[in-house]
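A quick write-up on the structure given underneath.
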Amino acid sequence: MTHDARQPTSRSILAAARQRLSRRAAVRGAIGLGIGLAGVGASGSRQRVMADQATPGPVAPGSTIVVPPGLRTDLAGTPLNCQFGYRGPDTAFDDAATRIFAEATGIEAVHTIGDASVTDQLTQILTQLGAQTSDVDVYQIDVIWPGIIAEHAVDLSASLAAQAKLMFPEAIANDTVGGVLVGMPWINGAGLLFYRTDLLEAYGFAAPPATWSELETQAAAVQTGERAAGASDFQGFVWQGNAYEGLTCDALEWQASSGGGSIIEPDGTVSVDNERAAAAMERAARWVGTISPPGVTTYEEPDCLNLFATGNALFMRNWPYAWNASQDVGSAIAGRVGVAALPAGDEPGNHSAAALGGFALMVSRYSQHQDAALEFVKYLTSPELQRSYVIERGNLPTIASVYDDPAVAAASEFVPRLRPIFEGGTVARPSSVAGPFYNDVSVAYQAAVHQILTGSLEASPALKDLAGELETIMADLKG
Ligand code: GLC
């Protein structure tokens, strides 16, 4: 899929969207919130007018979204474009959130959607930022990108200091490069195992697998049984096997959960060439065409979700949002999905490892509407919005206090249960240590793992060569 087909970022398309929004926001925003837009922004020395002067409360039928207090309304009429990445099943929520912001502040916010693969998104964003485009004011950025795109970001550390204090300190540390807060943490991610509760029970398995061996046993038994019963395409386990950033996450989990290290350790040591990592890769290669479809080496997150949500797989590795997405109206498996930590290796001392993922929001240095952009970032990353995002869409908060909200536990039982994973039980990709060269590291790793999975290379020599490549990258970084 090319970006061009799906990225309406040209000025003309944005202008048309803004015009449409402008009419609606002017009418509904002003009436709905009792704010006199005509009086705002008329003078040079504007006074800040806050949206919380209107009565806060859910502002869209059926939506849990509450407008946070303190948003500026003196920027009404400012056009604003936010470029999200792949939002897939969360698009309707994002649409509502953007519309509600526009209505509350009068800022004419629109958003566009990126490619499903964050690897492709990065290429696109670097092209835009390299050209210093002012078409995009706010970017959704991956947790692994701050070191790559810091030079293009507005430093949020002073302007959004109060908001930053609410966030997990680790997330702020991750998004800070050389003292510059590159993005405000927005969504927390961690790899999880999704499974069919009804099928495990039917085949006599009392609990989801604690080890990869158990996963293989359960997947093989259920797959064989379901195929014999007529579901000829039924799959035991689906995961992200295409050569892109998702594979970096999955493969890191396989090796870290087997005591095989985290590719490059935080002190800069390249650790990927080791027997445990090689054994973990060989184990995954065995899944291809046995408990996983032969085509799994082309799968990304949406492919896995489609297969799982249509009832055609027992296990799926995915991110927390897959919970709500598999429970949505019309899902073939609503009420029959369990969520667990990913399995660990079989050796004593092996622990489950969940790749740390997620997103922040960045204000572009080239934006001509930086004040309005800050308001949008403040709004979307606020406790109020993060609460709604986890309740309605299962996207995990980056604010600790939101996890304590009883409505969060009521909406997604696994969030409080698996909280230790989200707070410290994760394994980070080596993006901080590799800084601006992280993408080179990840691409080299994906390529090597993919060749092992497709059978064109043996694991041990492939990891040895990879280690050499990574040493060169890290030497370039130092030099
Ligand atoms: C998810 C994660 C992100 C990761 C990506 C890989 O979107 O939040 O951090 O890079 O998956 O596909």
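Bear in mind these aren't lab numbers, they're just calculated from the coordinates by the rules spelled out. Here the structure is a predicted model, which means the values were calculated and not measured. Positions of Cβ are generated from backbone atoms using ideal geometry, with glycine treated the same way; all protein chains shown enter the neighbour counts.
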Packing-based ranking, highest mean first, of 93-101, 162-170 given that Cβ atoms within 10 Å are counted: 93-101, 162-170
Only Lys, Arg (+1) and Asp, Glu (-1) charged, at Cβ; the chain dipole about Cα centre in debye: 1600
FRET efficiency, Ala231 to Asp198 (Cβ-Cβ, R0 22 Å, nearest 0.05): 0.95
Relative exposure of Thr472, Thr105, judged by other C-beta atoms within 10 Å (fewest first): Thr472, Thr105
Karplus (6.51, -1.76, 1.60) ³J(HN,Hα), θ = phi - 60°, over the range 152-159, in Hz, Gly and Pro reported as x: 9, 9, 7, 6, 8, 5, 8, 5
Under-5 Å amide H pairs with Ile264, H placed in peptide plane, nonlocal only: Ser271
Sequence-distant lysines (8 or more away, or on other chains) whose Cα lies within less than 28 Å of Lys478: Lys464
C-alpha long axis of helix 459-478 to longest principal axis of the chain, angle in °: 40
With Cα atoms, 0 to 90° folded angle of helix 11-24 axis to the chain main axis: 60
Gyration tensor (alpha-carbon) shape descriptor, the range 74-173, a/c threshold 1.5: rounded
Extension reserve of the Asp404-Glu265 stretch, reckoned as 0.36 nm per residue once the Cα distance is removed: 46.8 nm
Cα shape, the range 187-232, gyration tensor, a/c 1.5 rule: prolate
In range of the label at Ala131: residues from the range 353-374 whose backbone nitrogen is under 17 Å from the point 7 Å along Cα→Cβ: 364-368
Computed helical MRE - 222 nm, the chain, DSSP H runs ≥ 4 contributing -39500 (n - 2.57), nearest 500: -12500 deg cm²/dmol
Convex hull volume per residue for the range 309-393, taking Cα atoms only, in Å³: 172
Listed residues Ala202, Pro293, Leu166: farthest to the positive end of the dipole of the chain (Cβ charges): Leu166
Dipole in debye (nearest 20) - the range 264-325, about Cα centre, beta carbon charges: Lys, Arg +1; Asp, Glu -1: 320
Length gained when the stretch Glu214-Asp95 is fully extended (0.36 nm per residue, less Cα-Cα span): 38.7 nm
Set of aspartates and glutamates near Lys165 by C-alpha distance (under 18 Å), chain-local residues within fewer than 8 positions excluded: Asp155, Asp175, Glu375, Glu384, Asp404, Glu423
Volume per residue that the Cα convex hull of the range 354-479 spans, once the total is divided by residue count, Å³: 170
The range 290-449: equivalent-ellipsoid semi-axes (sqrt of 5 x gyration tensor eigenvalues, Cα, Å): 28, 24, 18
Cα centroid separation - the range 197-262 against the range 104-124, whole Å: 32
Estimated D of the chain in µm² per second, where Rh is the Kirkwood radius over Cα pairs and Stokes-Einstein applies at 10 °C, 1.306 mPa s: 68
